[in-house]
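Trainee: Below is a structure I'd like to ask you about.
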Amino acid sequence: MSRILILLFCALSLQIVTSSSLFAQDARGIVISPQRVTFEKGQRIVEVLIANRGSNKEKYRISLVNRAMQENGQLKPTDSPAENEYFASEILRYSPRQITLEPKETQKIRIMSRIKSNSPDGEYRSHLLVQEIPKAKEAENAGGNNGEIGINVQAVFGITVPIILRKGDLSAEVKLSTPKIVKVGNTTFLEIAVNRSGTKSIVGTLNVFTDSKKIGILKNVAVYLSTPRRIISVKLDPKSAENLSGKNIRVTYGAKGTNEDEPKAALTFTAP
């Protein structure tokens with residue numbers, strides 16, 4: 001009997017989201033702008049720009065997925081929205097759903113809201129997922145012997161951005177708590193909890209100051225309705241972090257610019 005080699009093809013899905021204020025990009029060159037979409041009141045259509053910054057022609061599949069934020073900021077797949085939250089996927093339409101981009105080429109994705117006047121008040125959130133469609137590869141012998149199984153693993157790269165709609169009079173409050181100075185090797189971090197309450201998610205920038213000098217910053221820190229708080233680590237300036245003991249450290253959180261609709265918070269503590 002001839003040797004039988006069974007090849008199993010597995011797709012490993014990777015989701016990568018950066019903290020850039022301008023775009024989201026993965027290691028393979030998928031770029032999405034903007035990195036966070038919020039429909040304004042009465043707005044029905046938004047456009048998202050997808051770019052191929054890689055050196056090869058690529059195909060991408062576009063879809064809407066639902067994610068729950070964990071305390072550590074990770075986004076996990078979910079079938080159940082949080083309290084006072086709804087999935088935007090149920091009221092959104094988008095096109096196209098599959099695109100092919102040459103290197104350095106861009107494509108607009110049009111997203112349309114179909115929220116109705118009798119839709120429940122609340123925040124609607126889903127995530128636009130852009131996945132690279134892997135090219136078909138010739139099966140390779142994975143080294144399996146007689147009766148063994150060879151496995152050929154092919155990664156599928158993707159990236160998501162949140163799409164948010166709001167209906168009704170929604171509000172949120174934010175507080176900072178439990179600051180802690182943490183050293184990892186030669187790097188110093190400020191670890192702090194961003195606590196959210198209310199009926200909408202929040203997003204803002206964390207700034208860290210000492211002696212009126214900014215020593216740390218982390219942009220686009222979001223806390224969605226699926227978690228009441230996030231534990232954030234902000235990398236501190238190495239020179240400023242050399243001697244923090246006994247100094248007053250001030251931490252602020254708030255939206256960019258003068259957006260008064262977004263909550264703000266501040267906390268001052270003395271470094272041990």
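Trainee: What does region 172-270 give for Rg and for Dmax, in Å, if only its C-alpha atoms count?
Mentor: Answer for region 172-270, Rg first and Dmax second: 13.5, 41 Å.
Trainee: Another question, if that's okay. Fully extended, how many nm does the chain gain between Ser177 and Glu40 (0.36 nm per residue separation, minus their Cα-Cα distance)?
Mentor: In short, 46.2 nm is gained.
Trainee: State, as an integer percentage, the relative contact order of region 172-270 based on alpha-carbon contacts under 8 Å between residues 6 or more apart.
Mentor: 31 percent
Trainee: In the structure shown, do any of Lys104/Lys235; Lys41/Lys104; Lys41/Lys200; Lys41/Lys264; Lys183/Lys213; Lys180/Lys264 have a Cα-Cα gap over 24 Å, and if so which?
Mentor: The answer is Lys104/Lys235; Lys41/Lys104.
Trainee: Hand me the trypsin sites (Lys or Arg not before Pro) from region 45-127 located in a DSSP loop with no more than 13 other Cβ atoms within 10 Å, in residue order please.
Mentor: Sparse-neighbourhood loop trypsin sites (Lys or Arg not before Pro): Lys57, Arg97, Lys104, Arg114, Lys116.
Trainee: Name the trypsin sites (Lys or Arg not before Pro) in region 180-272 that are in a loop by DSSP and that have at most 16 other C-beta atoms within 10 Å, would you?
Mentor: Qualifying residues, ordered by number: Lys239, Lys247, Lys256, Lys264.
Trainee: May I ask for the net charge around Ala193, where only other residues with Cβ less than 15 Å from the Cβ of Ala193 are counted and Lys, Arg are +1 while Asp, Glu are -1?
Mentor: +2
Trainee: What GluC sites (Glu not before Pro) in region 46-107 are in a loop by DSSP, with at most 14 other Cβ atoms within 10 Å of the Cβ?
Mentor: The qualifying sites are Glu71, Glu83, Glu105.
Trainee: Looking only at region 170-208, which residues have a backbone nitrogen under 14 Å from a spot 7 Å from the Cα of Ala266 in the C-beta direction?
Mentor: Counting only backbone N, you get 176, 207-208.
The numbers here are math on the coordinates, done by the rules we state, and not lab data. On a predicted model such as this, the values are computed, not experimentally measured, just so you know. Here Cβ is always computed from backbone atoms with ideal geometry, including for glycine, and neighbour counts include all displayed protein chains.
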